[in-house]
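Student: Right, I'll just put the structure down here and ask away after.
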Amino acid sequence: AKSAGRKQFLFYSADIESKLQLHRMLEANLVDALANKAFEVFYQPKINVLDGKIVGTEALVRWRQPDGSLTNPASFIPLAEETGLIIPLGKLVLAQAFKQASVWQQQGFDLRVAVNISVVQFEDDNFLAMLDEIVRETGVTASLIEMEITESLLVKDVERVNSIFAALNTRGFRIALDDFGTGYSNLSYIKNFPFDVLKIDQSFVRNMLGSQVDQNIIQAIIQLAQGMNLRLIAEGVETIEHVQALQAMGCEVMQGFYYSPPLPLADFNRLLTRRISL
Ligand code: C2E
Ligand code: CA
Ligand code: CA
Ligand code: CA
C-alpha cells in the first residue's frame, strides 16, 4: 500500500509538472500571438425572425495558428484571464469591433455590435480610459456598441460595478447580460443594474425541446424581460424547431448556427449585403 501511495504521488507530481509546462508554453505562445497579430475577430449575425433582417452581430475572437487552423476562445481565454493577457487581447478585439461598427454605420447599415467583456477586463482600472481612447480613434457612436457581461460580475463590489455601469451609460454604451440564468442569478441585480438586453443562454435553448423545465425557464426569462422593458435575444439557436418554439414564446431576435456560425469579416460582409438587399 505504501509503494502504491508513493507511485500515485509521483504520478500526480509528474502530471502537475507537465500541466505547468503546457501552461507556460501556451502563455509564451499567447504573447507571441499578440505581437504577431494572430488574433482575428469573427462576427456572428443576430437575426430578427419577423423579417429575417440582421439587426446586430457579436464579435468573437479566434486565434489563427501558423498552419492556418483556428483555435477557439474556450481554450485560451481562461489562461489569458489568469495571466492578465486578456487586457491587451481584449483591447485589440474592442478596437477592431469599434472600428468595424463605425465602418458599417458609414455604409448605412443599422447594426448593433456586441463585444464580450470578461470580469478581468471590467475590473481593470484603465477600462474606461481605454474605451474613451478607442472611441476617439475610431469615431464610433457608443450606442451602437453592446457590452456582453456575465452575472459573475454582479457579485463583485456592487458599488464599483454600479459606478462603472453608470459611466458606460453616460457614454451611451448598451449593456447585455450574457448567459442569463446560468450564474448567480439574483433578480434584485437586474432590478438595480441598468441593463438593456437579456441573453437567454444556449444551454436552455439546447434542452428546451426535450425538457419542460427548460421551456418554463425560457418562458420566465421572456416574461421578465418584457416586464422590465428589456430587449431579448436567444443564443445557440440551431434548428427551425428552436426558432418556432422561441418565437411562439415571444422571442424575436435570435443567434445561432441555424442562421450562421461566427464568420470572418469578409464572409460576414457578404452575408450582410445579401440579407439587407433582399
Ligand atoms: P459566449 O459569449 O457565450 O459566446 C457564444 C458561443 O457560442 C460562441 O463560442 C459561439 O461561437 C457559440 N455559438 C454560437 N451559435 C451557436 C450554436 O448555434 N450552437 C452552439 N453550440 N454554439 C454556438 P466561441 O466563439 O467559441 O466563444 C466562447 C466564449 O469565449 C464566449 O462565450 C465568450 O465568453 C468568450 N469570448 C469569445 N470572444 C471573446 C472576446 O473577444 N473577449 C472576451 N473577453 N471573451 C470572448
Ligand atoms: Ca457573448
Ligand atoms: Ca453567451
Ligand atoms: Ca458562454
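Derivation of every value follows stated rules applied to the coordinates shown; laboratory data play no part. It should be emphasised that the depicted structure is a prediction, and the values quoted were computed from it without experimental measurement. Positions of Cβ are generated from backbone atoms using ideal geometry, with glycine treated the same way; all protein chains shown enter the neighbour counts.
Student: Determine the relative contact order of the chain: mean sequence separation of Cα pairs under 8 Å and six or more apart, normalised by residue count, in whole percent. List each step's numbers first, then the result.
Tutor: Working: 393 pairs, mean separation 50.0, N = 278.
Once normalised by length, the contact order is 18 percent.
Student: Relative contact order of segment 4-159: what whole-number percent is it, with Cα pairs under 8 angstrom and at least 6 residues apart? Numbers along the way, then the final one.
Tutor: Values: 168 pairs, mean separation 29.8, N = 156.
Taking the mean separation of contacting Cα pairs over the length of segment 4-159, I get 19 percent.
Student: Assuming a ≥ b ≥ c are the square roots of the Cα gyration tensor eigenvalues, decide whether segment 218-266 counts as rounded (a/c under 1.5), prolate (otherwise, with a/b larger than b/c) or oblate. Please report the intermediate quantities before stating the final value.
Tutor: On the way: a/c = 3.44, a/b = 1.69, b/c = 2.04.
Judged from the Cα gyration tensor, segment 218-266 comes out oblate (a/c at least 1.5, b/c at or above a/b).
Student: Next question. Rounded, prolate or oblate: which one fits segment 97-149, using the alpha carbon gyration tensor with axes a ≥ b ≥ c (rounded when a/c is under 1.5, else prolate when a/b beats b/c, else oblate)? Kindly include the intermediate steps, with their values, before the conclusion.
Tutor: Details: a/c = 3.39, a/b = 1.69, b/c = 2.01.
Note, shape of segment 97-149 comes out oblate.
Student: How big is the charge dipole of the chain about its Cα centre, in debye rounded to the nearest 20, if each Lys and Arg gets +1 on its Cβ and each Asp and Glu gets -1 on its Cβ? Kindly include the intermediate steps, with their values, before the conclusion.
Tutor: Numbers: 25 positive and 32 negative charges, 65 e Å.
Rounded to the nearest 20 debye, it is 300 debye.
Student: Sticking with this one: What 222 nm value per residue comes from the helices of the chain, counting each DSSP H run with n ≥ 4 as -39,500 (n - 2.57) and dividing by all residues, nearest 500 deg cm²/dmol? Spell out each step's value before the answer.
Tutor: Values: 11 runs with 142 residues, N = 278.
Calculated at 222 nm, the ellipticity per residue is -16000 deg cm²/dmol.
Student: How high is the FRET efficiency between LEU224 and GLN247 when r is their beta carbon distance and R₀ equals 22 Å, given to the nearest 0.05?
Tutor: Plugging the Cβ-Cβ distance into 1/(1 + (r/R0)^6) gives 0.80.
Student: Checking the table LYS19/LYS46; LYS19/LYS199; LYS53/LYS156; LYS46/LYS191; LYS91/LYS191 against a 32 Å threshold on Cα-Cα, which pairs fail? Intermediate results must be reported in sequence, preceding the final value.
Tutor: Numbers: LYS19/LYS46 38 Å; LYS19/LYS199 35 Å; LYS53/LYS156 37 Å; LYS46/LYS191 25 Å; LYS91/LYS191 30 Å.
Long pairs (Cα-Cα over 32 Å): LYS19/LYS46; LYS19/LYS199; LYS53/LYS156.
Student: Something else about it: Answer rounded, prolate or oblate for segment 114-257, using the Cα gyration tensor with square roots of eigenvalues a ≥ b ≥ c: rounded when a/c is under 1.5, else prolate when a/b is larger than b/c, else oblate.
Tutor: Details: a/c = 2.27, a/b = 1.74, b/c = 1.30.
Prolate, since a/c reaches 1.5 and a/b exceeds b/c.
Student: Hey, another quick one. THR273 to ASN192: FRET efficiency via 1/(1 + (r/R0)^6), r the Cβ-Cβ distance, R0 30 Å, to the nearest 0.05?
Tutor: Working: r = 41 Å, r/R0 = 1.38.
Here the calculated transfer efficiency is 0.15.
Student: Could you work out Rg/(2.2 N^0.38 Å) for segment 1-149, with Rg from alpha carbons only? Numbers along the way, then the final one.
Tutor: Numbers: Rg = 20.1 Å, N = 149, 2.2 N^0.38 = 14.7 Å.
Cα-based Rg divided by the globular estimate yields 1.36.
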